[in-house]
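The structure appears below as C-alpha cells.
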Amino acid sequence: MFRNVSAKRKGAAFVATAAAAVLLMTGCSASGSGSSGGSGSGSASDTLVAYTGQAGDYQINFNPYSPSTIGGPGEIFEPLFYYNQLQSGDPKPLLGTEFSWNEDGTVLSVTLRDGVKWSDGEDFTADDVAFSLNLLKENPAVNAIGFDGEVAVVDPTHVTITFPAPAFVNGPSILGRTWIVPEHLWKDIDPATDVVAEPVGTGPFVLGEFKAQAFRYDANPTYWDGEPELKHVRYVALSGNQAGADALAAGSIDWQTGPVPDMANVEKNYPGYKAVTVHMNQVALFTCSNAELGCEGPQTDPAVRQALYYAMDRDQINSLAFQDTAAEVSPGFALPERDAALLSDSLPEQTAPMSPDVDKATQILEAAGYAKGSDGIYAKDGVRLAMSVRVVTGWTDYITAVDLLAQQAKAVGIEITALQSSWNEWTEVRGLGEYQLLIDSVTQGPAADPYYMYNEFFSTANTGPVGQSVNPGFARFSDPEVDAALAALRTSNPTDVESRKPHYDIIQQKIAANLPYIPVLTGGTTSEYNAAKFSGWPTEEDLYAVPAVWSRPDSSQVFASLTPTGK
Amino acid sequence: MSYFVRKLGFYLVALWAALTLNFLIPRLMPGNPVDVLLAKLQQRGGIVDAATRRSYELLLGGGTDEPIWVQYGNYLVNLAKGDLGIAVSVFPTPVSEVIGQALPWTIALVGIATILSFILGVGLGAIVGWKPGTWLDSLVPATTLLAAVPYFWLALILVLIISSTWQLLPGMGGYDVVLSPGWNTEFILSAIEYGTLPALTIVLSSIGGWLLGMRNMMVSTLSEDYILTAQAKGLRNSRILGGYAARNAALPSIAGFAISLGFVVSGSIITEQVFSYPGIGSKLLQAVQNSDYALMQGIFLVITLAVLGANLLVDLLYGIIDPRTRARS
C-alpha cells in the first residue's frame, strides 16, 4: 500500500494543510465531471480506464528505458519472461520459451519464441534480443541493471549470454526486466534521450492515441498469443488521491491502486468493485545504525533498536494507522507467506510479536547499562534515549504510525519525536544518512527471492559513509558475514533451495540481532477494480501478477487476462 | 532621451539581479533530482541498486562536480542562447517545450479572468462612485468580502455547489479528454466550458480591489472643477460619467492593470491545483516536487521577464503620458 499511497500523497506533502484540503475537496468535483466526462471516455464496455495516480499532464515518453516513461514496459515492449514477485516458481514464457544456466552460472542459454512479429509487421529475431542487451552495455546511462554479459546469436531462435562471473541472480533482471526493442527502428536513435513517440513492440497492446490528459492502448491484432479480449485501455490523469477515490465512486475509473476510505467494505461502498490486498513491502523504522560509518545518536546501539522492536504494539498500529490492511512481519525480513520455505528456524521468533513486551524491552535496556532517569526516560553516560523520527508531511498513515510508536516507546522509557519534512528533504537526509530514525518501507527485487532485498538494503556494496548519498543502503548496515553469504548466494543456482538455505539463515540471524531496520509490519498494497465490467482479475487466491495498476510489467499480464463482461 | 536610457539601464541591472537569484535559489533547496527520481521509482515497484543509481547519474548529469561559478557562467551563456536545459522531471523534454505547452493555458485562463475582472471592477466602480451614498455602495463591502475570503475556500465552495451539486460546469481539468487538442470548434468550446469556473473564481476574488479603487477615485474626481463646468454646460450625465469623470479616475487603475498583466504569466498555483488545470502553476509545483532545477529556473525566468517587461512598459508609457515624471528625473 505504501508506495502507491505515498506517490499520490506527494501533492499534499508539498502544499500546506490548506491545499491538502483543496485536493480533498477537488475530489468532490470528480463525481460531477467524472460522470459527464465518463460518458464519452470510459463507459464503452470494452475500454478499461486505469488511474495510476498521475497528477497533472502526461508528457509523452514511451521509451521503456527512460526514468520518466509513462508506459510501454509490458504492454508494448515485452521482456523474455515474466517473473511474478509474489510467487516463486518458474517464470512465465513470453518472448523466450525456455532458458538454462551452465553449471557455474556464467553462461545463460535462451530459446526464443518463433513466429513473433513486431507491430509494424517485421519479424522478431534473435538479433533483436542481442541488440537490446548490447544497447544496455553500450549506453551506461540506460543500464540500470548493470548488464555486463557477452551476447552471441546461435540461430534465429537461440542466444547465449556469457558472463565474466557467476550471474545466477542477474537472471530475473535480464530475462524479466529487459525490454526487447526492434533493432530496425532503434539502431538509429539515442536510447537515453529519445521519447519513442511511436512505439513499436511485440506486446499485447499498441499505442492508440496520446493526449496530455489521457492516453490509450489498443489491443494488438497480431499478438503472438492472440489478440487480447480487452480492446482498449485508457490511462487518465486526475488531480490526486482523493480525486481517484471519487472517480471510483462515480464509476469513471475501473482500476486504481491505493487506499480508499473504509477499506473493509469496498464491495458495499462501490457497487460492482472489489479490492485485493497484497503484502510485499516491510514497513520499518529505518535507523542510521552504524557508528563506524558516521551515524550519531542513541539508535546506533543495537540494544536500543531491540528495545524499540519489543516496545511496538503492532496490532494497534495496524488498526489505527493502516485500516488493518497490513500483515505480520519477520525480524529476519523474509516475507512470511512468500518466503515461508526460507524462514530461518534459528530466529528468536518467526514473526515479530503483535503486542508489546514492555518487560523484555526494559530488560534489554538495563542489561545494556541504561538506567531510568527521573523523567521516566532511560539514559546511559548522561545521554538520554531521545531520538527524532523523520516522516514526510502529508503521509497520513505513516504519521499516525509514528505518533503511536512515540506513545508505545514512551512506555518502555524511550523518547521519540516525530519530525515532519517535505518529501525532497526527507529523500535527501535518507540518502545521506543524516537522520536518526525514519519510517519507510523495504522493497523487493525483480523475482520472488529475498536475495534481492537483502543485497540492496543490507550489503556493504550498496551503502556508504554518512554524507555520501546512497540508495538503498540507507541504514548503513555493513557486516562481513552477511556480505559473504550474499556472495555465496550469487554463485548458486536459485533453483537449488537446499544449498541456499544456510546462507539465508546467516543473513536472517544477523539482521534480527542487529535490526538496522526495525520491522513494524508488512504493508498491504490495496487495489480496487471493476469486477462487474471485467472478469479475470488477480485475486488473493490466484495472484498471477502483482495486482497494482502502476506495477510494470505486471499490469500488462492483468490486461491480457481480462475479459469484458459486456456490462 | 536620457530618461529612457536611464530607465533601460536600471531594468538591465534588475534583470541581472533576478537572473542571479534565479540561479541561486533552487540550489539552496534540499534534494537532488537523481535521488528524487530513484525514490519515485521505488514507490512504483521499480528495482533500485547501486547500478541503477549510477545509470541515473549518468543520464541526468547528477554529478555537479563543477565549481559553482563555472555552473553560473554556463547558465548565463545557455540563457543567452535561449537554451533553458532539460526538465529532469519529464526527461528528456526540454524546459522550453514544457513551458510552451503550459503557458497558453495559463495566459488564456488567468489573462482573460484578469481582463474581465478589471473591466467589470472599473466599470462597476465608476457607476458606484457616480452616486456615492446610495444603495449601490453596498457593492463595495460585498465584493471586498469576496476578496477577503481565502481564495481556495471560495473556489472549493463554488466547485461544491456549481460543479458537484448542480453539475452545471466541470470542475476539473482543462478540456474533455476524449477530444483532441487543436483549433477546432468542439475543442475550443470544451476548453471554454472547462475554463469558466476557474475564471469565475478568479474574477470574484479580485474584482473587489478594482471596484474599491475606482469608486474612491471617482468620488474625488467628481469634486473637480471640470466636472462642475461640464454639468454647468448642460452635458448629459452619461457623457460626464464616461467622458470626463471615469476617464480621469481610471488612470491609476490602468497603471495597476498593466502591472497585474505581468503577473498573469505566473498563473495561480492554487487555482490550477484546485481545478487540475494544465497551466504554468501546476508545472511549477511539479518542478519543486521533483527538484527539477532547470524547470524551476525556466518558469521563474518567464515570470521575471513578464513582470519586468510589464513594469518597463508602464514606466515608459508614464514618461510619455505624464511629462512631470520625466522632468523630475
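Out of curiosity, is residue B:195 assigned to a helix (DSSP H, G or I), without any contact (Cβ under 8 Å) to a residue 60 or more places away in the chain and closer than 30 Å to residue A:58 by Cα?
no
Residues to consider are A:461, A:406, A:488; find the one that is in contact (Cβ under 8 Å) with a residue 12 or more places away in the chain, surrounded by fewer than 20 Cβ atoms within 10 Å (Cβ to Cβ) and at the interface with chain B (Cβ under 9 Å from one of its Cβ atoms).
The unique qualifying residue is A:461.
Just give me the residues in the stretch B:157-183 being assigned to a loop (DSSP other than H, G, I, E, B) and under 22 Å from the mean Cα position of the chain (by Cα), in sequence order.
Selection gives B:171, B:172, B:173, B:174, B:175.
For residue A:426, work out the one condition from (1) crowded, with 24+ Cβ neighbours inside 10 Å; (2) over 18 Å from residue A:313 (Cα atoms); (3) within 14 Å of another protein chain (Cβ to nearest Cβ); (4) in contact (Cβ under 8 Å) with a residue 40 or more places away in the chain it doesn't fulfil.
(4)
Is there a residue being on the phi > 0 side of the Ramachandran plot and either in contact with a Phe, Trp or Tyr (Cβ under 6 Å, 6 or more places away or on another chain) or within 13 Å of chain A (Cβ to nearest Cβ) (or both) anywhere in the stretch B:7-26?
The answer is no, given that none of the residues of the stretch B:7-26 is on the phi > 0 side of the Ramachandran plot and either in contact with a Phe, Trp or Tyr (Cβ under 6 Å, 6 or more places away or on another chain) or within 13 Å of chain A (Cβ to nearest Cβ) (or both).
Output yes when any residue across the stretch B:82-93 is out of contact with any helix residue (DSSP H, G or I) (no Cβ under 6 Å at 6 or more places or on another chain), more than 8 Å from chain A (Cβ to nearest Cβ), surrounded by 16 or more Cβ atoms within 10 Å (Cβ to Cβ) and in a helix (DSSP H, G or I), and no when none is.
Checked against the condition, which is being out of contact with any helix residue (DSSP H, G or I) (no Cβ under 6 Å at 6 or more places or on another chain), more than 8 Å from chain A (Cβ to nearest Cβ), surrounded by 16 or more Cβ atoms within 10 Å (Cβ to Cβ) and in a helix (DSSP H, G or I), the stretch B:82-93 yields no hits at all.
Filtering the stretch A:144-159 down to residues that are of a type in the set (Gly, Ala, Ser) and buried (at least 19 other Cβ atoms within 10 Å of the Cβ), which residue is farthest from residue B:57 (Cα to Cα)?
As a first pass, look at the stretch A:144-159 and keep what is of a type in the set (Gly, Ala, Ser): A:144, A:146, A:149, A:152.
Those still in the list that are buried (at least 19 other Cβ atoms within 10 Å of the Cβ) too: A:144, A:149.
Numbers: A:144: 10, A:149: 22 Å.
The residue in question is A:149.
With respect to residue B:100, is the statement that it is more than 15 Å from residue B:19 (Cβ to Cβ), small (Gly, Ala, Ser) and in a helix (DSSP H, G or I) true?
In short, yes.
Could you list, ordered by first residue, the pairs with Cβ atoms under 9 Å in which the first is in the stretch A:322-342 and free of Cβ contacts under 8 Å to residues at least 40 places away in the same chain and the second is in a loop (DSSP other than H, G, I, E, B), at least 6 apart or interchain?
A:340/A:334
I'm trying to understand the selection: among the residues of the stretch A:544-565, which are closer than 13 Å to residue A:229 by Cα and in a loop (DSSP other than H, G, I, E, B)?
A:562, A:565
From (1) farther than 27 Å from residue B:41 by Cα; (2) without any contact (Cβ under 8 Å) to a residue 60 or more places away in the chain, pick out the condition that doesn't hold for residue A:132.
Only one criterion is unmet by residue A:132, namely (1).
Return only the number of the condition from (1) among the charged types (D, E, K, R); (2) over 21 Å from residue A:238 (Cα atoms); (3) surrounded by 14 or more Cβ atoms within 10 Å (Cβ to Cβ) that residue B:233 does not satisfy.
(3)
State which residue is farthest from residue A:52 (Cα to Cα) when the search covers only the stretch A:198-256 and only residues that are surrounded by fewer than 24 Cβ atoms within 10 Å (Cβ to Cβ), away from chain B (no Cβ under 14 Å) and of a type in the set (A, V, I, L, M).
Within the stretch A:198-256, the match that is farthest from residue A:52 (Cα to Cα) is A:200.
For the stretch B:152-161, which positions are facing chain A (nearest Cβ under 9 Å) and under 21 Å from residue B:192 (Cβ atoms)?
Of everything in the stretch B:152-161, those that are facing chain A (nearest Cβ under 9 Å) and under 21 Å from residue B:192 (Cβ atoms) turn out to be B:155, B:159.
Which residue pairs have Cβ atoms closer than 8 Å, lie 6 or more positions apart in sequence or on different chains, and pair a first residue in the stretch A:174-196 that is without any contact (Cβ under 8 Å) to a residue 24 or more places away in the chain with a second residue that is of a type in the set (A, V, I, L, M) and surrounded by 16 or more Cβ atoms within 10 Å (Cβ to Cβ)?
As it stands, the answer is A:189/A:196, since those pairs meet every condition given.
Tell me the residue from A:332, A:297 that is closer than 29 Å to residue A:464 by Cα, surrounded by fewer than 23 Cβ atoms within 10 Å (Cβ to Cβ) and among the small types (Gly, Ala, Ser), please.
A:297
If you take the residues in the stretch B:1-47 that are within 29 Å of residue B:319 (Cα to Cα) and of a type in the set (Lys, Arg), which one is surrounded by the fewest Cβ atoms within 10 Å (Cβ to Cβ)?
B:6
Being in contact with a His (Cβ under 9 Å, 6 or more places away or on another chain), farther than 20 Å from residue A:368 by Cα and not aliphatic (A, V, I, L, M): is that true of residue A:336 here? Can you show your working first?
Details: in contact with a His (Cβ under 9 Å, 6 or more places away or on another chain): yes; farther than 20 Å from residue A:368 by Cα: yes; not aliphatic (A, V, I, L, M): yes.
Yes.
Quick one: in the stretch A:468-477, of everything that is within 14 Å of another protein chain (Cβ to nearest Cβ) and among the small types (Gly, Ala, Ser), which residue is farthest from residue A:506 (Cα to Cα)?
Applying the filter and picking the extreme gives A:469.
Throughout, read-outs are computed from the coordinates displayed, never taken from laboratory work. Please read all numbers here as calculations on a predicted model, not as lab measurements. Cβ atoms come from the backbone with ideal geometry, glycine included; neighbour counts cover every protein chain shown.
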